[in-house]
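Working notes, structure below.
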Amino acid sequence: RPAWPSLDARPLPPWFDRAKVGVFVHWGVFSVPAWGSEWFWWHWRGERDPRYERFVRSRFPPGTSYPELAALLSASDLRPRQWAQLFQRAGARYVVLTTKHHEGFTNWGSPRSWNWNSVDTGPHRDLVGELGEALRERNLHYGLYYSLMEWFNPLYLADKESGFKTQDFVLKKMMPELYDLVLKYKPDLIWSDGDWEAPDSYWNSTSFLAWLYNDSPVKDTVVVNDRWGRGCSCRHGGFYNCADKYQPGSLPGHKWEMCSSIDTLSWGYRSNMSLAEVMSEAAIIEELVRTVSLGGNYLLNVGPTKEGVIVPIFQERLLALGRWLDTNGEAIYETQPWRVQVENSTDTVWYTSKGPAVYAIFLLWPQDSVLKLCSPVPSPATRVTMLGYAGDLKWQEAPGKGLLIALPYVLPSLLTPQSGWALKLEGVM
């Protein structure tokens with residue numbers, strides 16, 4: 001029924017929890033100025049930030065308006081199959097693309113966004129459709145990000161002026177687009193955003209979700225997040241995002257997802273990004289491990305250029321994550337939180353579990369190559385192995401409680417410092 005108690009009781013389709021790792025893609029007209037962040041238009045025209053005004057004066061002809069920049073979103077180097085291959089090699093099981101950000105430009109030929117979409121202008125291509133085809137060839141789940149609001153849409157601004165008593169924007173623009181996306185592209189996931197200014201009753205969220213779960217072509221498989229109106233985050237919806245880059249301190253009682261960005265200062269591509277502002281491989285793996293140990297999914301963002309290129313530093317980070325998952329994915333994919341998520345004395349040893357097996361993922365190699373684990377209770381049948389290494393590891397009971405595990409001798413390599421190793425513990429409580 002179109003009411004939160006009924007909608008919230010719907011079981012989450014199991015593919016999402018099993019997937020664990022996704023890639024987020026922020027792409028739009030904001031990729032043309034490629035400066036500041038994906039909120040470029042708002043900082044420039046909404047806030048009249050002098051830094052943005054100076055930037056536009058220095059880069060574009062006098063009198064340039066933001067909508068004119070759409071013609072420069074060329075996607076001339078976009079190869080959707082290359083993207084799909086990269087995301088698969090990164091270890092992603094699902095990919096979420098921005099179909100429309102708060103600027104209102106749609107990355108498909110929306111009939112409700114005349115001349116402000118990727119088919120009528122700019123690339124003259126259906127970006128949502130092309131990427132979807134390429135991902136499905138590789139059996140990757142496809143998610144669509146959609147911003148409910150639009151900063152400068154006159155219909156939205158009029159509804160806002162009325163205190164959201166009118167719904168012209170919702171009925172004429174937003175809802176028809178959401179239905180169009182679902183019917184045309186049959187997404188596995190809808191990642192809603194831009195909801196915070198108005199209550200869910202304005203957005204008609206519950207009626208849309210009831211249709212999505214009862215009658216849509218993806219009713220049995222689709223998952224949604226929790227951004228469906230002011231006050232919904234962390235309370236209503238499918239899985240919870242709660243806030244950008246959300247990290248709970250302990251195991252939440254509800255399935256959740258952490259979204260993070262390789263560029264720590266922006267979700268969209270910035271030409272002025274510096275290396276110091278790019279997440280390191282170690283930081284990415286630490287976020288992933290922490291998130292999955294606490295029952296979450298990890299959605300890692302890249303912003304392509306206006307030409308449709310994922311810049312080499314982003315590719316390098318994604319491929320490093322993929323290499324780590326090639327070795328250690330058994331401790332990540334399809335796992336469940338264990339009874340203990342993190343070793344008490346440290347935040348460098350995290351646990352996951354799968355059936356009777358427990359995985360201890362440690363982020364720092366101990367100096368004496370002996371790892372102490374206090375939480376697992378060993379038995380005579382206990383067996384310890386390391387993912388990526390052949391043979392069993394020697395262990396003994398630690399004084400007091402837990403295990404002391406002798407790690408294999410690893411030659412310290414300055415060329416490829418690894419971040420994180422996973423032990424598989426069998427026969428422990």
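Largest to smallest in accessible area, the residues L275, L209 fall in the order L275, L209 (1.4 Å probe, all protein chains included). Rounded to the nearest 20, the size of the Cβ-charge dipole of the chain about its Cα centre is 260 debye, with Lys and Arg at +1 and Asp and Glu at -1.
A 1.4 Å probe over all protein chains sorts M273, M175 by accessible area into M273, M175, starting with the largest.
Go through K245/K424; K219/K424; K20/K372; K245/K394; K184/K245 and tell me which ones have a Cα-Cα distance over 32 Å in this structure.
Numbers: K245/K424 29 Å; K219/K424 37 Å; K20/K372 27 Å; K245/K394 39 Å; K184/K245 30 Å.
Violating the 32 Å Cα-Cα cut-off are K219/K424; K245/K394.
Beyond 27 Å, what share of the Cα-Cα pairs of the chain remains, rounded to the nearest whole percent?
Numbers: 50492 of 91806 pairs.
That fraction is 55 percent.
Hydrodynamic estimate: the Kirkwood radius of region 336-426 over Cα pairs, inserted into Stokes-Einstein at 37 °C and 0.692 mPa s, corresponds to D of 241 µm²/s.
Where in region 350-429 are there chymotrypsin sites (Phe, Trp or Tyr not before Pro) that are in a DSSP coil and have at most 13 other Cβ atoms within 10 angstrom of their Cβ?
On the way: sites: W350, Y351, Y359, F362, Y389, W395, Y409, W421; in loops: Y389, Y409.
Sparse-neighbourhood loop chymotrypsin sites (Phe, Trp or Tyr not before Pro): Y409.
On the chain, 53 percent of the accessible area sits on carbon and sulfur atoms, based on a 1.4 Å probe.
Work out how much length T346 to S58 would gain on full extension: take 0.36 nm times their residue separation and subtract the Cα-Cα distance, in nm to one decimal.
On the way: separation 288, 0.36 × 288 = 103.68 nm, distance 5.00 nm.
So the extension gain works out to 98.7 nm.
With every protein chain kept in place and ligands, DNA and RNA left out, what is the accessible area per residue of the chain? Probe 1.4 Å, answer in Å².
Dividing the accessible area of the chain by its residue count gives 42 Å².
Pair-distance distribution P(r) for region 255-379, from all Cα-Cα distances in 5 Å bins starting at 0: 2, 10, 18, 20, 18, 13, 9, 6, 3, 1, 0, 0 percent.
The values are calculated or read from the model by the stated rules, or taken from the named source; none is laboratory data. Remember, predicted model here, so these are calculated numbers, not experimental data. Positions of Cβ are generated from backbone atoms using ideal geometry, with glycine treated the same way; all protein chains shown enter the neighbour counts. Note: accessible area is taken over every heavy atom of the protein model, side chains too, but ligands, DNA and RNA are not part of it. Shrake-Rupley method; radii C 1.70, N 1.55, O 1.52, S 1.80 Å.
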